[in-house]
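Let me begin by presenting the structure, written as structure tokens, before commenting on it.
The values are calculated or read from the model by the stated rules, or taken from the named source; none is laboratory data. Computed from a predicted structure; not experimentally measured. Here the Cβ is made from the backbone with ideal geometry for all residues, glycine too, and neighbour counts use every protein chain on show. With ligands, DNA and RNA removed, areas are computed over all heavy atoms of the protein, side chains included. Shrake-Rupley method; radii C 1.70, N 1.55, O 1.52, S 1.80 Å.
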Amino acid sequence: MKILVTGHRGFIGQNIWKHFDGQHELFGYDWDDMQRPTIQKYDAVIHLGAISSTTERDVHKILTQNLDFSKWLFTECSRHNVIFQYASSASIYGSGTNFHETASPDPRSPYAWSKYLFDRWVLTQTHNNPVQGYRYFNVYGQHEDHKGDQASPVHKFSQQALNNGVIRLFEDSDAYKRDFVFVGDLCKVHEAMLQNSVSGIFNAGTGRAVSFADVATAIASKQKASINLIPMPEALKSPYQAFTCADNRALAKHVDIDWTHVTAYIHGVN
């Protein structure tokens, strides 16, 4: 199978590439406003490329790259009967506590809005090709080094423990819980669903919520580091999600994933 991976140099893109390398003929594409890929050359497109920063405030830039380009890819894949898989985001749910795919949206950042608007548009379109959107929850794993402040807490806490011996943890982090998803499990989802002609938007998460404090404690124990509690910056408070937990029943109808628990990953891999 010939597969185009957009955003192939990014965090999830690098993992997808490594996972599929040797199984399929892979081609990469990164954003270029002057040149677009020739979609009819491929059997499938895995669309991961996006401005993923939740703090980016250039709305025109985000909508151009995350929404307009995604619409163009969808249309081209539909026209040429190419499988289309794309990355959505659990940030769509915002401060909500219902994480079913049909739950009311509550996007809190331009990034989250761009993902919601594309999901919403996809659901209004007709197509004959498989179209699969995945609302990634809080993804962690290898190849996060370049993400800076947008890296997962697993990566940031691990680097702090290794480099300084001290993990900087927001106060009250035992109350902040997320559905932490190992990127290797997402690769398995994409692989299994390429063989499935179903279309839809699916939550991609473990169905378990783990606190930031538990993640920090596990890493501190593993690395023999200490934890320093700090106040949350004011700029983060409004868009910050206090709780996420995927309702993954829709996806489970099509794939059987033995989801990795984040603390097992910390103790077994780091």
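Among 171, 101, 144, which one shows the highest mean-square fluctuation when the chain is modelled as a Gaussian network with alpha-carbon springs under 10 Å?
With Cα springs under 10 Å in the chain, the top fluctuation among 171, 101, 144 is at 171.
How do 226-232, 106-112 rank on mean C-beta neighbours within 10 Å, highest first?
The packing order, highest mean first, is 106-112, 226-232.
Could you give the alpha-carbon Rg of region 1-71 over 2.2 N^0.38 Å, rounded to two decimals?
1.16
How do the peptides 247-253, 52-58, 9-15, 29-35 rank, highest first, by the average count of neighbouring beta carbon atoms within 10 Å per residue?
The densest-packed peptide leads the list: 9-15, 247-253, 52-58, 29-35.
Rg/Rh for region 30-189: what does it come to with C-alpha atoms and Rh from Kirkwood?
The Rg/Rh ratio comes out at 0.99.
Could you work out the per residue convex hull volume over the alpha carbons of region 177-249, in cubic angstrom?
123
Given a 1.4 Å probe and every protein chain left where it sits, what share in percent of the accessible area of region 6-134 is carbon and sulfur?
46
Would you please give the residues with an amide H less than 5 Å from that of residue 8, counting only those at least 5 places away or on a separate chain, with H modeled from the backbone geometry?
Those lying under 5 Å, H to H, from residue 8 are 29.
How high is the relative contact order of the chain, in percent, with contacts defined as C-alpha pairs under 8 Å that are six or more residues apart?
Normalised by residue count, the contact order of the chain is 19 percent.
Kindly sort 259, 72 by accessible area of their heavy atoms, largest first, with the probe set to 1.4 Å.
72, 259
If one takes the longest principal axis of the Cα atoms in the chain, at what angle in degrees, from 0 to 90 and to the nearest 10, does the Cα axis of helix 69-79 lie?
With both axes taken from Cα atoms, the answer is about 40 degrees.
Take the alpha-carbon centre of region 35-68, take the same for region 206-270, and report the distance between them in whole Å.
Cα centroid of region 35-68 versus Cα centroid of region 206-270: 27 Å apart.
Could you give the accessible area per residue of the chain, probe 1.4 Å, as a whole number in Å²?
Normalised by residue count, the accessible surface of the chain is 47 Å².
Please compute, over every Cα-Cα pair in region 222-261, the percentage with a separation greater than 14 angstrom.
Above the 14 Å cut-off, region 222-261 has 72 percent of its Cα pairs.
Starting from the Kirkwood radius over alpha-carbon pairs of region 123-225, derive D by Stokes-Einstein at 20 °C in a medium of 1.002 mPa s and give it in µm² s⁻¹.
Reported coefficient: 137 µm²/s.
In whole percent, what relative contact order does region 59-111 give with Cα contacts below 8 Å and a gap of six or more residues?
Relative contact order here is 29 percent.
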